[in-house]
Amino acid sequence: MITQNDMRPTMRPAFSCALIPRALAALLIASAMPALAKGRGGGILPGASAKDPLNIDAGKLDFFDKEQKLVYSGSVIVTNGPSTLKASRLTILLDKGGGGDPTSNDRVKHIDADGPVTLVSEGKVGSGDRASYDKAENKVHLIGNVTLTQGDNVVKGERLVYDVTSGMASVQGGASQGGRVRSIFTPKSGGL
């Protein structure tokens, strides 16, 4: 088991993988990190750019070489530029056909976050039961008991879809909201 010291002395993330030697596992993870930080045309979180650093803090990291999969668990906190994602578990699938340069910026194929999930980006806070990002469609999905907050304004629904390319968000209602989307918009206080 490879243990890497965290910036906080009370928490020690662990890496475990029985199928490959420890030194090779550390090298593979180190080569995957720049690819995660670069993202496709931007960072891996909304609001982040390709030049923004990526920091993932978790209790444990498991790397599955054959599947090209990284699984972070234990109070996961991802910081990418101005954006932060908090989840119980984060699974990152890398493109197996990366060829040549293992740090190419197209390695991240899909990301799943199991919740509760909270995504904070540029003054907006989204929360839900789980989230996913798929590179092919370039959209972030926040699913289950979704709440989107900006200042005093709140929108609730069952599913939020954020198109990273256009910057457009769509909220859909579900059974728990009677099939409806609920919004509360609070006017700013003060006179004219």
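The values are calculated or read from the model by the stated rules, or taken from the named source; none is laboratory data. Small disclaimer: the values here were computed from a predicted structure and weren't measured. Glycine also receives a Cβ, built like all others from the backbone with ideal geometry; neighbour counts cover every protein chain displayed. Note: areas computed on protein heavy atoms with side chains; ligands, DNA, RNA excluded. Shrake-Rupley method; radii C 1.70, N 1.55, O 1.52, S 1.80 Å.
Some values worked out for this structure:
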read-out: Accessible-area value, ARG159, 1.4 Å probe, nucleic acids and ligands omitted, Å²; value: 80
read-out: Exposure of GLU122 as accessible area (Å², to 10), given a probe of 1.4 Å and all protein chains; value: 110
read-out: Listed residues VAL108, VAL171 arranged by accessible area, highest first, probe 1.4 Å; value: VAL171, VAL108
read-out: Candidate lysines - alpha carbon under 27 Å from LYS109, same-chain residues fewer than 8 apart omitted; value: LYS38, LYS51, LYS60, LYS66, LYS69, LYS86, LYS96, LYS124, LYS135, LYS139
read-out: Förster-model FRET efficiency, 35 Å R0, LYS188 and PHE64, C-beta, rounded to 0.05; value: 0.10
read-out: Amide H contacts of SER49 (H built 1.01 Å from N, under 5 Å, at least 5 apart or other chain); value: GLY43
read-out: Surface per residue (accessible, 1.4 Å probe) for region 119-189, Å²; value: 60
